[in-house]
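What follows is one structure encoded as structure tokens, with my remarks underneath.
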């Protein structure tokens, strides 16, 4: 069952996107997720998507923390999901905290699709 | 205004691989084909030498905003769109408040700012509008009239009225 991300994970997640605005190496995308954005969200760039994701959560939007149960993803204890509107489309975004240290976080966006 | 690709510094390589978690992600040149939605249609972009990232341990391909920017550049070239730096240069040359330009063009100021920063890619129709606006005082004047006068443009005019000598 999804529950709101715990405070430390949420902070690490937000910090990754904040650092990612200035520095490379804090937010990465699986090619599958990047490809979905390019093929479905006309005119959008990953930079803009990252800003929208950050602003959604920083503005009080829900970041769900979901215990990982899928066989291929058991390397990660949790994944972190959000749902938001982009260009009139309601989308679902799945992310993982590759590095969960709030002082040195790394988020990967692993999947994006219509919610 | 900074270009969207400008950053102060990067996390030093190697990065941790999101797939195998080894610290083995390095820059790598790869051939890549992307399907991109543009002007309501899906088109294919091929980049033979995309500067991406790859894990040397598990071969996982990793993308980020910098990689995406290269695809955006290819898209702009393929559709002959104004680049963000060309848009910024034109804004600087016009030396007009961004709000006034946005009002003339009928777009939100935030959207205009994102086109100039390269974080949103303008449609071809908006690109044509920008080009006309930048290139022609007559177009700028006409668009200002259109903002004020709802009847402007409701009747097609085939040629400019002759001036009396």
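Structure summary
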quantity	calculated
Helical mean residue ellipticity (222 nm; -39500 (n - 2.57) per DSSP H run of 4+; nearest 500) of chain A	-10500 deg cm²/dmol
Shielding of B:56-69 by partner chains, average beta-carbon count, 10 Å	5
Rg/Rg_ref, chain B, where Rg_ref = 2.2 N^0.38 Å and atoms are Cα	1.41
Share of Cα-Cα pairs in chain A lying beyond 17 Å, as whole percent	51
Percentage relative contact order, segment B:25-78, counting C-alpha pairs under 8 Å, at least six apart	33
For B:100-107, mean number of other protein chain Cβ atoms within 10 Å	0
From the C-alpha gyration tensor of the protein assembly as shown, square roots of 5λ in Å	41, 20, 17
Those residues of segment B:82-117 whose amide nitrogen sits under 19 Å from the label point placed on residue B:142, 7 Å along Cα→Cβ	B:101-107
For A:50-57, mean number of other protein chain Cβ atoms within 10 Å	1
Helical contribution to [θ] at 222 nm, DSSP H n ≥ 4, -39,500 (n - 2.57), averaged over chain B, rounded to 500	-12000 deg cm²/dmol
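Read-outs: derived from the displayed coordinates by stated rules, not from any lab. Remember, predicted model here, so these are calculated numbers, not experimental data. Glycine gets a Cβ as well: all are built from the backbone with ideal geometry, and neighbour counts include every protein chain shown.
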